[in-house]
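Written below as structure tokens is the structure these notes are about.
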Amino acid sequence: MTDKEHYQQLLDKVFGTGFVQIPNDRMSNNIIGALNYKGDFDEFKKNFEDRLVRLKNKFSGTPSLAHLKTTLKEVANGKNANYTGAYAELPAFDTLQNNILTQPIEMDKNIAGVQSLASKFPNRSNTNADGYIPEYDVYFDIKRLADISRQLFDDIIRKAIEKTGVSNYLIAAEYDIDSDYRDYESNYGKLLNELCTELKTNHSTYQSKVCNVLFRIKDKGIVGTTSSYNSEIHAKHILHQMFKYSDKFLLDKPFFLVMVLFPWYNNIITEFSGMNKKFYENLSDSFFNGYKGKSDLMNTLLPTYLGNETIFEVTRKVTGIIYIEDKSILGDGGNLTQTSTFVYLNSNADNKAPQMQTYLLSLANSNAKGCLQWI
């Protein structure tokens, strides 16, 4: 049975036959692969099915079920960005739709461009938010908190093997995991060509001449890497990514960014020595306060931005950032949803949301590890 056939059976079991149809091909990914893997990932399999049941019960009979159907279909997508983004929505909606809410969250909300910063971008008549909490009149958008550098290097290595046909070597990229992913992104083609050349000739470990990265290549055994890490540096290098979501920011209503962390697409941020909280606080502080008192215009950061707002004025359109850690692999979340939630509120926000203080506290206090903090 293929991974997709097994996933189809699971969806049929929970939602009923015909609720969603998964294309029957041999493409797979970490999520549906683990669900179909024999002899391991038992905790994840149980927690994944339990989450599907909760989502069905929470949103049954609502228009949001149509969006959930689309999301579940995308979870089976073979492309990394597609399935990881779709998967992030499952723990997010499971966590955010808690017992404090008396009405279901509305998924996939279209918003007129004039009500958001989408109006400041070319050819944008509207924008879309992943969720709307009607009883608080608050919108949010869900993003995966991914290790972009690792994904870039995994893709470079995979493509180099495909191009050269050299598949009998172990290859790993060694770099500082808190480094700026944009350096690797802008030099993607050069890094790929360099690795292809090396695989065709020397088959040995080498230091890249393009970027500060060491490619370790071995023909047998285990290939390992080492790295340094600083949460403050990491946060500064991720900061640019946050502004790519600015077309979602609303002008006159509270808006939250929801960032979902899952170990299979980001294992840098961990609880060791409280590094996760340090990172979340550093990233939130850099975003909320890093441009305070500065006159830098938003279009110096994103050239496609057509408005005259400063970067700081743009950050004031975000009410807060909610970080959700999905603990479903090992089931060590300490609560029903197997998640930990960390809420950071923007003290400079134009559109604060005091009406949802109790709700936000309930998210942060859903287990002993979460927090609610003004930055």
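The values are calculated or read from the model by the stated rules, or taken from the named source; none is laboratory data. Predicted, not measured: the structure shown is a model, and the values here were computed from it. No Cβ is skipped: glycine too gets one built from the backbone with ideal geometry, and neighbour counts run over all protein chains shown. SASA here: full protein model, heavy atoms, side chains in, ligands and nucleic acids out. Shrake-Rupley method; radii C 1.70, N 1.55, O 1.52, S 1.80 Å.
Percent of accessible area on the chain owned by carbon and sulfur, 1.4 Å probe?
Values: 8140 of 16780 Å².
C and S atoms contribute 49 percent here.
What does the accessible area of Lys244 come to, in Å² to the nearest 10, when a probe of 1.4 Å is used?
90
Please compute the Kirkwood hydrodynamic radius of region 118-181 from all pairs of different C-alpha atoms, in Å with one decimal.
Working: mean 1/r = 0.0619 Å⁻¹.
For region 118-181, the Kirkwood estimate is 16.1 Å.
Work out the FRET efficiency for Asn365 and Glu162 from their Cβ-Cβ distance, taking R0 = 51 Å, and round it to the nearest 0.05. Walk me through the numbers on the way to the answer.
Values: r = 48 Å, r/R0 = 0.95.
Step by step, r from the Cβ atoms, then E = 0.60.
In debye to the nearest 20, how big a dipole does the chain give about its Cα centre with +1 on each Lys and Arg Cβ and -1 on each Asp and Glu Cβ? Could the numbers behind the result be given before it?
Working: 42 positive and 44 negative charges, 77 e Å.
The calculated dipole for the chain is roughly 380 debye.
Per residue of region 51-56, in order, report the coupling 6.51 cos²θ - 1.76 cosθ + 1.60 (Karplus, θ = phi - 60°) as ³J(HN,Hα) in whole Hz, putting x for Gly and Pro.
5, 4, 5, 4, 5, 4
Would you mind putting 85-92, 245-252, 37-44, 296-303 in packing order, based on average other-beta-carbon counts within 10 Å, highest first? Don't skip to the end; give the middle numbers.
Working: 85-92: 24.5, 245-252: 18.8, 37-44: 11.8, 296-303: 14.6.
Packing order, densest peptide first, comes out as 85-92, 245-252, 296-303, 37-44.
Can you give the extra length, in nm with one decimal, that the chain gains between Gln103 and Thr62 once fully stretched, where that is 0.36 nm per residue apart less the Cα-Cα distance?
Values: separation 41, 0.36 × 41 = 14.76 nm, distance 1.04 nm.
So the chain would gain 13.7 nm between Gln103 and Thr62.
Label points 7 Å out from Cα along the Cβ direction at Glu43 and Met1: separation in nm?
Between Glu43 and Met1, the label points sit 2.4 nm apart.
From the phi angles alone, apply the Karplus equation (6.51, -1.76, 1.60; θ = phi - 60°) to region 270-284 and give each ³J(HN,Hα) in whole Hz, x where the residue is Gly or Pro.
Rounded to whole hertz, the list is 10, 7, 4, 6, x, 5, 5, 5, 4, 5, 4, 5, 5, 5, 5.
Sort 363-375, 338-350 for me by packing, meaning the mean count of neighbouring Cβ atoms within 10 Å per residue, highest on top.
Numbers: 363-375: 16.8, 338-350: 21.9.
Averaged packing, sorted descending, gives the order 338-350, 363-375.
Amide H neighbours of Val138 under 5 Å, counting only residues 5+ apart in sequence or on other chains, H built in-plane at 1.01 Å?
Ile133
Calculate the spin-label point distance for Ser125 paired with Asn267, positioning each point 7 Å from the Cα along the beta-carbon direction, and give it in nanometres.
So the two model labels end up 4.7 nm from each other.
Sticking with the crude label model, points 7 Å out along Cα→Cβ, report the distance from Asp296 to Ser227 in nm, one decimal please.
2.4
Helix-derived [θ] at 222 nm for the chain: sum -39500 (n - 2.57) over DSSP H runs of at least 4, divide by residue count, nearest 500? Kindly include the intermediate steps, with their values, before the conclusion.
Details: 13 runs with 147 residues, N = 375.
Per the formula, -12000 deg cm²/dmol.
Of the listed peptides 103-111, 142-150, what is their order by residue-averaged count of other C-beta atoms within 10 Å, with the highest listed first?
Details: 103-111: 16.9, 142-150: 21.7.
Packing order, densest peptide first, comes out as 142-150, 103-111.
Read phi for every residue in region 316-321 and hand back ³J(HN,Hα) as whole Hz from Karplus 6.51 cos²θ - 1.76 cosθ + 1.60, θ = phi - 60°, with x for Gly and Pro.
Karplus values, whole Hz, x for Gly and Pro: 6, 7, 9, 5, x, 10.
Excluding Lys277 itself, calculate the net charge of residues whose Cβ lies under 14 Å from the Cβ of Lys277, where each Lys or Arg counts +1 and each Asp or Glu counts -1. Numbers along the way, then the final one.
On the way: positive: Lys278, Lys369; negative: Glu232, Glu271, Glu281, Asp285, Glu325.
With Lys, Arg at +1 and Asp, Glu at -1, the net is -3.
Please identify every one of the chymotrypsin sites (Phe, Trp or Tyr not before Pro) in region 257-300 that sits in a loop by DSSP and has no more than 10 other beta carbons within 10 Å of its own beta carbon. Provide the component values of the computation, followed by the final result.
Values: sites: Trp264, Tyr265, Phe272, Phe279, Tyr280, Phe287, Phe288, Tyr291; in loops: Trp264, Tyr265, Tyr291.
Counting only loop positions with at most 10 other Cβ atoms within 10 Å, none of the chymotrypsin sites (Phe, Trp or Tyr not before Pro) in region 257-300 qualifies.
Using the Cα centre of the chain as origin and beta-carbon charges of +1 (Lys, Arg) and -1 (Asp, Glu), tell me which of Leu257, Asn276, Ser119 is placed farthest towards the positive end of the dipole.
Of Leu257, Asn276, Ser119, it is Ser119.
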